[in-house]
């Protein structure tokens with residue numbers, strides 16, 4: 001299940017100046033939207049574990065990136081796509097969004113539009129995905145880039161997948177029908193290296209298209225909850241390009 005929140009500047013500017021380290025602000029926005037939900041309790045825990053959702057941020061258009069000032073000039077709207085497999089969480093975040101609609105929020109923006117996106121049910125065993133923004137894969141010693149060996153990328157994907165699925169099965173009901181099975185990285189030739197500012201540092205990321213094969217229930221889990229690490233921090237959201 002997915003919902004898109006479209007944000008516009010409070011004033012009618014044609015362009016916006018946004019920090020390159022922008023994801024932290026949208027994490028704060030999600031906290032605001034869930035403030036009156038039982039799901040907010042995880043934000044108060046010292047070690048909340050894996051998030052039961054993922055999200056990504058899209059810009060109407062990126063006009064210019066200014067690395068020296070660590071900002072970029074973008075054209076609105078700024079869209080936040082929120083994804084989860086839990087109905088109660090989706091209901092709570094939509095209710096939170098309705099409560100702040102057209103009110104000033106992060107970065108002098110206001111939430112104008114709330115759009116429930118069509119539900120996507122994956123039925124194929126082979127799916128080509130496209131990243132919404134960037135994803136992060138962590139290997140044994142560092143973050144991984146597309147130039148890494150395929151086996152290292154695949155191992156990282158499956159380690160993250162199975163660890164997260166096991167955690168969510170333990171803490172949230174409704175996921176017992178999803179098997180702890182590995183997936184195969186069938187194609188990653190269109191995956192490219194990126195570098196993102198995040199919480200004052202820089203992390204190596206991946207961006208582009210990749211093809212995964214495996215049990216459709218596992219591929220659905222990846223679609224609903226994101227791929228890789230930091231999926232609750234604005235990384236790892238995927239779109240389906242096509243089912244093969």
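Any residue at all in segment 39-57 that's exposed (fewer than 15 other Cβ atoms within 10 Å of the Cβ), touching a helix residue (DSSP H, G or I) at 6+ places or on another chain (Cβ under 6 Å) and part of a helix (DSSP H, G or I)?
yes
Name the residues in segment 58-95 that are within 19 Å of the chain's Cα centre (by Cα) and not in a strand (DSSP E or B), would you?
Matches in segment 58-95: 84, 85, 86, 87, 88, 89, 90, 91, 92, 93, 94.
In the list 173, 146, which residue meets the criterion of being surrounded by fewer than 13 Cβ atoms within 10 Å (Cβ to Cβ) and more than 30 Å from residue 14 (Cα to Cα)?
After applying the criteria, what remains is 173.
So which pairs qualify, if the first residue must be in segment 210-232 and on the phi > 0 side of the Ramachandran plot, the second must be surrounded by 20 or more Cβ atoms within 10 Å (Cβ to Cβ) and not in a strand (DSSP E or B), the Cβ gap must be under 7 Å, and the two must be at least 6 apart or on different chains?
Pairs found: 214/183; 226/236; 226/237; 228/137; 228/160; 228/235; 228/236; 230/236.
Spot the failing condition for residue 203; the list is (1) in contact with a strand residue (DSSP E or B) (Cβ under 6 Å, 6 or more places away or on another chain); (2) closer than 30 Å to residue 41 by Cα; (3) not in a strand (DSSP E or B), and only one is missed.
Status for residue 203: all satisfied but (3).
With the requirement that a residue be over 15 Å from the mean Cα position of the chain (by Cα) and assigned to a strand (DSSP E or B), what does segment 210-231 give you?
If the condition is that a residue be over 15 Å from the mean Cα position of the chain (by Cα) and assigned to a strand (DSSP E or B), then 210, 211, 212, 213 are the ones that fit.
Please find, among 183, 229, 195, the residue that is buried (at least 16 other Cβ atoms within 10 Å of the Cβ) and either modelled with pLDDT under 95 or more than 23 Å from residue 41 (Cβ to Cβ) (or both).
Answer to the check: 183.
Of all residues in segment 167-196, which are out of contact with any helix residue (DSSP H, G or I) (no Cβ under 8 Å at 6 or more places or on another chain) and assigned to a loop (DSSP other than H, G, I, E, B)?
Selection gives 172, 173, 174, 189, 190.
The values are calculated or read from the model by the stated rules, or taken from the named source; none is laboratory data. Given the structure is predicted, the values throughout are model-derived calculations rather than measurements. Note that each Cβ is placed from the backbone with ideal geometry, even for glycine, and that neighbours are counted across all protein chains shown.
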